[in-house]
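Have a look at the structure that comes next, please.
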Amino acid sequence: MKDRFLSVPQFAPPFVPSRPLRSALFPLLVAVGGLFVLPACGRAAHVRARPALVVATMDSRLEQAQNMAFFQPFARASGQAVARRVWSGTLAELDSHGLHAGSGGPWSLVFTEDSTIRAACMQGLVVHLAGSSTNPDGCGAPGLTTQVVVAWDQAWRRTAPRWADFWDIVRFPGKRGLRRDPRTTLEIALMADGVAPADVYGLLATPEGVDRAFRKLSQLRPYITWWSTPADAAGILEHGQVLMSSAPADAVRTIAPRRRDTIGVNTDMALSYGLSWGVVAGQSAEQLVQSRNLLHFIVQPGRQADFLARYPAAQQPAGTAPGTVLPMDVQFWQTHYAPLSQRFDIWLRDAG
């Protein structure tokens, strides 16, 4: 597991998010506020040394942008060291570094997709924050919105493929990339089978809809190259391992320019979803205060603006037609993730 540690300089320097985040920031400042106090300039050296806050986030350029915009400035301003780790985003891993953490102590904050944070919230693996109109259950603080799109090698064709083309091996032979997770993958299978985006979750909530999604996946199974993280999805595209793939749009935009220019992105029938911060349960009272301080620092408008400036991949390129977008139903996955994940794992073993 990759591990980075931020040194803490002696003195702190003096200290406009994207539109979807801006409306959520004020309620979040209230939800996590009341705790964040920075020492006066020059006093950080006199603060009693505390164990580093451990933040588990995602890899590639996203993590680097978060480090520069959030973790390093917080360490300089507060005298509180921050250590970074990259994690898989699974509840099992979160549990092993939270409530059931070993002698090394629990993690402080995690960053992952909303559906994981909500499931972790239900299981008591992350702390409930104060609710607000934009975050009524207090499960996490929003950090980023992205889309899972169809990405393809334009050396093959210039016309954008759709999900139905994704399954057409006869006309378009070659490998396909799909996420090794029922989330987004089952929705894509139903849309490829002709289900309108507005009807996907209603159908997927029925046994017949689930059977239909898995039947569709079985048709494509021999041609699938699985990816687990956004970096994986970008990697199989960048190295030409697949003809086309589902992929987070921001991950595709981090591909090296010489190769990125040959990768097309179709946002029609994309799945949009959010990524959020969660405060890990199981921390000591003192560490919990510091973790909430860090979260409060992260959601400040100035910090969000700095992050977006360092991570332009989060912005949709000018001139991109959005098409029809299916928002991922977080409540659906909060309820159905466990049984559908189990069935997905069984299907993978049986099909393997």
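Kindly list the number of the only condition in (1) open to solvent by 40 Å² or more (accessible area, probe 1.4 Å); (2) over 26 Å from residue 307 (Cα atoms); (3) among the basic types (Lys, Arg) that fails for residue 85.
(2)
Which of the residues belonging to segment 337-352 are open to solvent by 30 Å² or more (accessible area, probe 1.4 Å) and either among the β-branched types (Val, Ile, Thr) or closer than 18 Å to residue 148 by Cβ (or both)?
Correct list: 337, 346.
If you scan segment 176-196, which residues turn out to be open to solvent by 30 Å² or more (accessible area, probe 1.4 Å) and in contact with a helix residue (DSSP H, G or I) (Cβ under 6 Å, 6 or more places away or on another chain)?
The answer is 193, and nothing else.
Same structure, new question: Is it the case, given these coordinates, that residue 274 is outside any helix (DSSP H, G or I) and open to solvent by 40 Å² or more (accessible area, probe 1.4 Å)?
For residue 274, the condition - outside any helix (DSSP H, G or I) and open to solvent by 40 Å² or more (accessible area, probe 1.4 Å) - is not met.
Residue by residue through segment 147-181, note down the ones that are among the aliphatic types (A, V, I, L, M), over 30 Å from residue 57 (Cβ atoms) and in contact with a strand residue (DSSP E or B) (Cβ under 6 Å, 6 or more places away or on another chain).
Result: 160, single match.
In this structure, does residue 323 turn out to be open to solvent by less than 20 Å² (accessible area, probe 1.4 Å) and touching a strand residue (DSSP E or B) at 6+ places or on another chain (Cβ under 7 Å)?
So residue 323 does not fit the description; no.
Further question: Among the residues of segment 51-78, which ones are in contact with a helix residue (DSSP H, G or I) (Cβ under 6 Å, 6 or more places away or on another chain) and in a helix (DSSP H, G or I)?
The answer is 60, 65, 68, 69, 70, 74.
Pull out all pairs, ordered by first then second residue, where Cβ-Cβ is under 6 Å, the residues are six or more apart or on different chains, the first lies in segment 289-315 and is part of a loop (DSSP other than H, G, I, E, B), and the second is surrounded by fewer than 22 Cβ atoms within 10 Å (Cβ to Cβ) and not hydroxyl-bearing (Ser, Thr, Tyr).
299/25; 311/65
Next question, about the same structure. Among the numbered criteria (1) open to solvent by 10 Å² or more (accessible area, probe 1.4 Å); (2) at pLDDT below 95; (3) of a type in the set (A, V, I, L, M), which one does residue 203 miss?
(2)
Check off (1) within 29 Å of residue 165 (Cα to Cα); (2) crowded, with 22+ Cβ neighbours inside 10 Å for residue 295 and give me the number that stays unchecked.
Result: residue 295 passes all but (1).
If you don't mind, another one. Of the residues that sit in segment 164-175 and are surrounded by fewer than 22 Cβ atoms within 10 Å (Cβ to Cβ) and aromatic (Phe, Trp, Tyr), which one is farthest from residue 340 (Cα to Cα)?
172
If you don't mind, there's one more thing I want to ask. Given the conditions (1) small (Gly, Ala, Ser); (2) touching a Gly at 6+ places or on another chain (Cβ under 9 Å); (3) over 21 Å from residue 350 (Cα atoms), and given that residue 228 satisfies all but one, which numbered condition is not satisfied?
Here residue 228 meets the rest and fails (3).
Looking at (1) open to solvent by less than 10 Å² (accessible area, probe 1.4 Å); (2) over 30 Å from residue 299 (Cα atoms); (3) modelled with pLDDT under 95, can you tell me which one residue 155 breaks?
(1)
State whether one or more residues within segment 127-146 are of a type outside the set (Val, Ile, Thr), open to solvent by 20 Å² or more (accessible area, probe 1.4 Å) and either within 26 Å of residue 61 (Cα to Cα) or in contact with a Ser or Thr (Cβ under 8 Å, 6 or more places away or on another chain) (or both).
Yes, segment 127-146 has at least one match.
Residue 216 versus (1) assigned to a strand (DSSP E or B); (2) open to solvent by less than 30 Å² (accessible area, probe 1.4 Å): which is the lone unmet condition?
(1)
So that you can scan it fast, the table gives a plain yes or no per residue for (1) closer than 19 Å to residue 154 by Cα; (2) in contact with a helix residue (DSSP H, G or I) (Cβ under 8 Å, 6 or more places away or on another chain); (3) hydrophobic (A, V, I, L, M, F, W, C):
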position: 259; (1), (2), (3): yes, yes, no
position: 266; (1), (2), (3): yes, no, no
position: 291; (1), (2), (3): no, no, no
position: 302; (1), (2), (3): no, no, no
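Name the residues in segment 92-114 that are surrounded by 20 or more Cβ atoms within 10 Å (Cβ to Cβ) and of a type in the set (A, V, I, L, M, F, W, C), would you?
If the condition is that a residue be surrounded by 20 or more Cβ atoms within 10 Å (Cβ to Cβ) and of a type in the set (A, V, I, L, M, F, W, C), then 94, 107, 109, 110, 111 are the ones that fit.
The values are calculated or read from the model by the stated rules, or taken from the named source; none is laboratory data. Quick caveat, the model's predicted, so the values are computed rather than measured. Note that we place each Cβ from the backbone using ideal geometry, even for glycine, and neighbour counts take in every protein chain shown. With ligands, DNA and RNA removed, areas are computed over all heavy atoms of the protein, side chains included. Shrake-Rupley method; radii C 1.70, N 1.55, O 1.52, S 1.80 Å.
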